[in-house]
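Down below is the structure, laid out as structure tokens.
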Amino acid sequence: MLIALEKVFLWFLFYSFVGWLWETCLNIVMKKRFVDRGMLNGPLCPIYGFGAMIVIFALADEHVWYVVFLSSGVLACTLEYVTSWGIEKLFHVRFWDYTNKPFNINGRVYLNGFLFFGLGATVVKEWVQPQVMHVLDMWTPLALTITSGILLAILLVDFTITLAGLINMNSRLGHVEQDIKNLKKQEISVLDVGINDTDARLAALEQTVKHTFSYQQRRLIRAYPKLQSTQHSLQLIEQTRDLLMKKIPKNIAPSAHRNAKGNATK
């Protein structure tokens, strides 16, 4: 029984890694730069691992391809919807939003996701999973136990760090919001203090934002352009992202400073 659980755990990790690899490669192609889309610090997207496990076990005796395809799409979209809803309710943040996509349901899932997950899960169940099982069947019980034990310990540490980061993300956004308000209040004196002083204040704000958030929080804010908070405005998150990426945030820099910057680049 223990060996069986260890194998299932390694299946889960494998598909979580494949999901992370897919998301990362997709973003490299679309954005021309590396973006770590994993919610954990390690190279894993657990939602893919859970999705694969659900399909593998729920459809174990089903081999009619179109039934597997449709059922997998429904199961995967249900998981994605519940995950999005659960994260929003627990942590007051939303990492993806398909509101502008056709045939979406409350912005949490949409048609293309259904088609992709249906196709991907069909390939996994019928062709990939048998090979994964074959490879792990060649492992000795000791190798399975040691490998799964080490990886489980690493995963639990990573999960704990991630959980802590999600819990206090909104409170840290609140600190940044106050810092931004303080900077905007200084607009009235920008002509007196000069542009260089304003640059210094923006640079100081960048450093404040950098040190306010943990590495993981900074990565998530940069990696998820659709990130939203139920407790803070979308504009605040966009401003925070700009500061983390060393851009001049909109509606922060005093008007005289923005005009000077604009004239300097002409």
Kirkwood Rh over Cα pairs of the chain into Stokes-Einstein at 25 °C, 0.890 mPa s: D in µm²/s? 116 µm²/s
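Please give the calculated 222 nm ellipticity per residue for the chain, where each DSSP H segment of at least 4 residues contributes -39500 (n - 2.57) and the sum is spread over every residue; nearest 500 deg cm²/dmol?
Working: 12 runs with 188 residues, N = 266.
Using -39500 (n - 2.57) per qualifying helix, the result is -23500 deg cm²/dmol.
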Rounded to the nearest 20 Debye, what is the dipole magnitude of the chain about its Cα centre when Lys and Arg each give +1 and Asp and Glu each give -1 at the C-beta? 1100 debye
Cα convex hull of the stretch 195-242 - mean projected area over all directions, nm²: 3.7 nm²
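In what sequence do PHE114, PHE103 fall when counting other Cβ within 10 Å, fewest first?
Details: PHE114 20, PHE103 11.
Going from least to most buried by this count: PHE103, PHE114.
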Placing one equal point scatterer on each C-alpha of the stretch 1-101 and summing with Debye, one gets log10 I(q)/I(0) at q = 0.13, 0.15 Å⁻¹ equal to -0.58, -0.77
Packing-wise, with mean Cβ within 10 Å as the measure, how do 119-127, 151-159 rank, highest first? 119-127, 151-159
Along the charge dipole of the stretch 2-165, Cβ charges K/R +1 and D/E -1, which of HIS63, TYR98, ALA121 sits furthest on the positive end? TYR98
May I ask you to evaluate 6.51 cos²θ - 1.76 cosθ + 1.60, the Karplus curve with θ = phi - 60°, for each residue of the stretch 158-164 and list the ³J(HN,Hα) values in order in whole Hz, giving x for glycine and proline? 4, 4, 5, 5, 5, 4, 4
Give LYS32/LYS247; LYS89/LYS246; LYS31/LYS181; LYS89/LYS247; LYS181/LYS246; LYS7/LYS31 a once-over and call out the pairs whose C-alpha atoms are over 29 Å from each other. LYS89/LYS246; LYS31/LYS181; LYS89/LYS247; LYS7/LYS31
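Here, each number is a calculation from the coordinates, and none is a lab measurement. The structure displayed is predicted, hence computed values, not measured ones. Virtual Cβ from ideal backbone geometry, glycine too; neighbours counted across all protein chains shown.
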